[in-house]
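Data block below; observations after.
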Amino acid sequence: MAALLKVQKMNLSRNDIIRLLDDEERQNDLFKKADETRRKYVGDEVHLRGLIEFSNICRNNCLYCGIRKGNKNAVRYRMTPEELIETARRAAGMGFKTIVMQSGEDMYYTSERMCRIIEEIKKFDVAVTLSIGERSYQEYKAFREAGADRYLMRIETTDKDLYHKLDPNMSWQNRYECLLMIKELGYELGSGIMVGLPEQTLDSIAGDLLFLRDIGVDMAGIGPFIPHPDTPLAQAKGGALYLALRTMAIMRLLLPDINIPATTAMESLHPRGRIMALRCGANVVMPNVTEGEYRKFYELYPGKICVNDTPVHCRSCIGLKIMSIGRKIGTGYGSHKKQFRRENA
Ligand code: SAH
């Protein structure tokens with residue numbers, strides 16, 4: 001293990017990665033190495049992104065997801081464009097320098113509507129991240145021209161058979177091509193995966209990590225899969241927190257200078273999940289700034305944290321936690337500052 005970790009950054013082979021993923025006993029060495037790498041390349045600042053979950057209406061039927069179209073128990077909501085802009089205005093007023101707008105694939109939000117919202121929110125002097133799923137090249141281009149800076153869309157898994165089982169009527173190839181378009185249009189690209197999916201192997205997670213490295217993501221979100229009771233995967237195992245942390249730590253070694261969030265799903269499995277993540281490679285947190293009842297209805301998985309809290313509460317709570325481990329809150333936009341020249345990147 002020690003020898004493995006001395007291997008030059010970005011030079012881990014698929015077999016090295018599998019060994020690290022599998023090594024629960026010595027995971028603390030991996031976490032320590034990832035923490036040192038994080039500190040060396042992106043420093044002690046933790047960048048906060050204000051996350052607005054603006055609609056849970058979705059045309060897709062992903063087997064793992066609580067807001068899948070087929071879940072008749074989900075209480076559906078959609079913010080109006082005005083509500084969304086107002087929520088962003090308040091988040092900017094609280095000091096957030098990035099606003100992330102996330103939703104199901106809700107086609108009410110046409111290109112025109114989204115563009116107007118982006119233009120309004122850009123007036124608040126924030127970076128704008130979109131996470132609204134698969135769209136056409138023309139739409140991605142229009143959003144970019146309207147001012148969107150970043151786009152976040154997980155590939156979920158690079159095991160194509162598994163992807164097609166879990167995301168019926170969707171195409172892995174199309175999702176991949178969307179990521180390429182997003183990159184070509186000059187967005188900062190965020191992608192990522194879920195860890196602990198049924199039938200997912202360590203070999204396939206290693207493949208995911210190499211994929212994220214080779215596509216040259218600016219941000220990689222890695223979260224544990226948590227089974228939702230109202231989905232076909234209700235009985236699946238899930239909850240692989242430590243495997244997800246190991247995956248995230250290896251991501252940091254492979255791409256030392258990118259942004260890596262401590263994901264909400266980690267905190268949903270452990271009360272200190274995000275702090276643990278910040279200590280083994282992560283440098284970003286995305287506090288929820290969605291207001292009122294909507295938070296609880298954006299239920300991708302059960303046990304979601306902070307569903308009864310307010311944006312102000314979440315901002316101060318996470319701020320205190322971050323400072324308690326000797327880290328600082330980032331004051332800038334927290335863009336990916338590239339420190340390497342990479343092939344394909
Ligand atoms: N429609 C957008 C946003 C999807 S929701 C898009 O397609 O990108 C955001 C992420 O939540 C998903 O990409 C998935 O990785 C994660 N997610 C969904 N269901 C989950 C579950 N049951 N457990 C853990 N993460 C889940």
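A P(r) calculated from all alpha carbon pairs of the stretch 254-345, with 10 Å bins opening at zero, reads 15, 42, 31, 11, 1 percent. What share of Cα pairs, in percent, lie more than 25 angstrom apart in the stretch 136-273? Roughly 28 percent, rounded to a whole number. The mean accessible area for residues of the stretch 114-227, using a 1.4 Å probe and ignoring ligands and nucleic acids, is 33 Å² per residue.
P(r) tail for the chain, what percent of Cα pairs lie past 32 Å? That tail contains 24 percent of the Cα-Cα pairs. Reported to the nearest whole Å, the Cα centre-to-centre distance from the stretch 269-308 to the stretch 208-246 is 15. Calculate how many DSSP beta bridges within the stretch 31-137 are antiparallel, expressed in % of all such bridges and rounded to the nearest 5. Here the antiparallel bridges make up roughly 10 percent for the stretch 31-137. Hey, with R₀ at 41 Å, roughly what FRET efficiency would Y333 and K237 work out to, going by the Cβ-Cβ distance, to 0.05? Approximately 0.60, to the nearest 0.05.
Note on the chain: with neighbouring protein chains present and a 1.4 Å probe, carbon and sulfur make up 50 percent of its accessible heavy-atom surface. The length gained on full extension between E199 and R26, counted as 0.36 nm times the residue separation minus their Cα-Cα distance, comes to 59.8 nm. Placing unit charges on the Cβ atoms only, positive for Lys and Arg and negative for Asp and Glu, gives the chain a dipole magnitude near 760 debye about its Cα centre.
Taking amide hydrogens as placed 1.01 Å from N in the peptide plane, the amide H of A236 sits under 5 Å from that of no residue at least 5 positions away in sequence or on another chain. Taking each of K160/K296; K69/K160; K237/K296; K33/K237; K72/K304; K33/K321 in turn, the alpha-carbon distance tops 26 angstrom for K160/K296; K33/K237. With the cut-off at 18 Å, report for the stretch 137-194 the share of all Cα pairs above it, as a whole percent. Within the stretch 137-194, distances greater than 18 Å cover 36 percent of Cα pairs.
The values are calculated or read from the model by the stated rules, or taken from the named source; none is laboratory data. Being a predicted model, the structure only gives us computed values, none of them experimental. Please note: Cβ atoms are built from the backbone with ideal geometry, for glycine as well, and neighbour counts cover all protein chains shown. With ligands, DNA and RNA removed, areas are computed over all heavy atoms of the protein, side chains included. Shrake-Rupley method; radii C 1.70, N 1.55, O 1.52, S 1.80 Å.
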